[in-house]
Amino acid sequence: MIVYFTGTGNSRYCAQMLADKLDDEIVDAFHFIRNGIPAELISGRPWIFVAPTYGWQLPRIFVDFIRSGSFLGSKDAYFVMTCGSEIGNPEPKNKALCEEIGLRFLGTLEVVMPENYIVMFNAPGQDKACEIVAAAQPMLERGVARIREKRAFPVHKAGITDKLKSGFVNDMFYRICVKSKAFFVSRNCIGCGRCEKACPLGNIQMKNGTPAWGDRCTHCMALSAAVQPAPSSMANPARESRDINVRHTKIKGQKKLKMPPSICAAHFEKTCSKYKKRREQLKRDLIQKDPLEKDEHCAFIGHLTKSKSQCGKLFPSAHRSIG
């Protein structure tokens, strides 16, 4: 059985491909995580856990989901982690997690997918994204072959830098960067509530028709796939595709940033005190000058104070794929 967690769709894409190739069942962890329900699953076939890479480790909310669940039947467990560049050294913790819940660890497969952590990095253009997805197919095929043969994935080689990233840097990344305080909504928000429904932790709540963020954000970027133009400006308002195209937005005093159109130029503003004055100035600029075309009606959430933020300097590829 394939169990997956996804924020913007990368991991779901890989999970669905594995399910199709292996003719296996597929389960989305969203419902269990969102509602705090421990999973009670049974499978006679190997467990395949698919998730994005958050700071060179499995997302902590997905680890908690696995730890609290019951996975009966097969004792074999594979892990497939999507990323924007590399996964670091997550295998020790993945193996320890398996031992904790009584499963046999059979390795971790690294699958490079389009970058989507727009808090720190630019998403690739559509053509480039398609190239990256196409390049991921052989790796997934090799993974499928290993699973069919009941063989472990090749051991992921990790150097000292990888161990540092998945250890100390991962802890610091969550402590310093994974915050929701800097999200805010401009006058373009139409109160559609899509961001509230997309949040796997229920961290976004609609208050008086406006989204408000709590303190449980995990930076999954799910809102980037959920926030779309208002129905009045869409031919198909029910569209569910995870668009990976990019658009350019120019704001006074700010370099051009590439942003997925599905987030409707949604940006994330940095929380570090060093940029507090700049953040306030940008808020005033946003009120005076709307960066979106006047005929677009969509949510505008936050603004990244600097394309290469302090977090980006500390952790140049942390969270490189939130999928």
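Can you work out which of the residues in region 31-49 that are of a type outside the set (A, V, I, L, M) and farther than 23 Å from GLY143 by Cβ is surrounded by the most Cβ atoms within 10 Å (Cβ to Cβ)? So that I can check it myself, show each step before the final result.
Filtering region 31-49 down to residues of a type outside the set (A, V, I, L, M) leaves 31-32, 34-36, 38, 40, 43-47, 49.
Filter again for farther than 23 Å from GLY143 by Cβ, leaving 31-32, 34-36, 38, 40.
Working: HIS31: 11, PHE32: 20, ARG34: 15, ASN35: 8, GLY36: 11, PRO38: 10, GLU40: 10.
Ranking the candidates gives PHE32 first.
Residue check: is GLY202 open to solvent by less than 40 Å² (accessible area, probe 1.4 Å), modelled with pLDDT of 90 or more and closer than 28 Å to ARG60 by Cα? Lay out the reasoning, then the answer.
Details: open to solvent by less than 40 Å² (accessible area, probe 1.4 Å): yes; modelled with pLDDT of 90 or more: yes; closer than 28 Å to ARG60 by Cα: yes.
Yes: the conditions hold for GLY202.
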How many residues are open to solvent by less than 10 Å² (accessible area, probe 1.4 Å) and part of a strand (DSSP E or B) when one looks only at region 50-81?
9
Among the residues of region 2-30, write down those that are modelled with pLDDT of 95 or more and open to solvent by less than 10 Å² (accessible area, probe 1.4 Å).
ILE2, VAL3, PHE5, SER11, CYS14, ALA15, LEU18, ALA19, ALA29
Conditions (1) outside any helix (DSSP H, G or I); (2) touching a Ser or Thr at 6+ places or on another chain (Cβ under 9 Å); number of the one not met by LEU109:
(2)
Quickly run through region 103-135 and pick out the residues that are touching a Phe, Trp or Tyr at 6+ places or on another chain (Cβ under 9 Å) and among the aliphatic types (A, V, I, L, M).
LEU103, LEU106, LEU109, MET113, ILE118, VAL119, MET120, ALA123, VAL133
Please work out which one of (1) modelled with pLDDT of 65 or more; (2) on the phi < 0 side of the Ramachandran plot; (3) hydrophobic (A, V, I, L, M, F, W, C) is the condition MET221 fails and give its number.
(2)
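Considering only residues that are closer than 18 Å to GLY159 by Cα and open to solvent by less than 40 Å² (accessible area, probe 1.4 Å), which ones fall in region 82-127? Give the derivation first.
Within region 82-127, the subset closer than 18 Å to GLY159 by Cα is 83, 85-95, 107-110.
Matches in region 82-127: CYS83, ILE87, GLY88, ASN89, PRO90, GLU91, ASN94, GLY107, THR108, LEU109.
The values are calculated or read from the model by the stated rules, or taken from the named source; none is laboratory data. A quick note: this is a predicted structure, and the numbers were derived from the prediction, not measured. Using ideal geometry, Cβ is built from the backbone for each residue, glycine included, and neighbour counts are taken over all protein chains shown. Heavy atoms of the whole protein, side chains included, go into the accessibility calculation; ligands, DNA and RNA do not. Shrake-Rupley method; radii C 1.70, N 1.55, O 1.52, S 1.80 Å.
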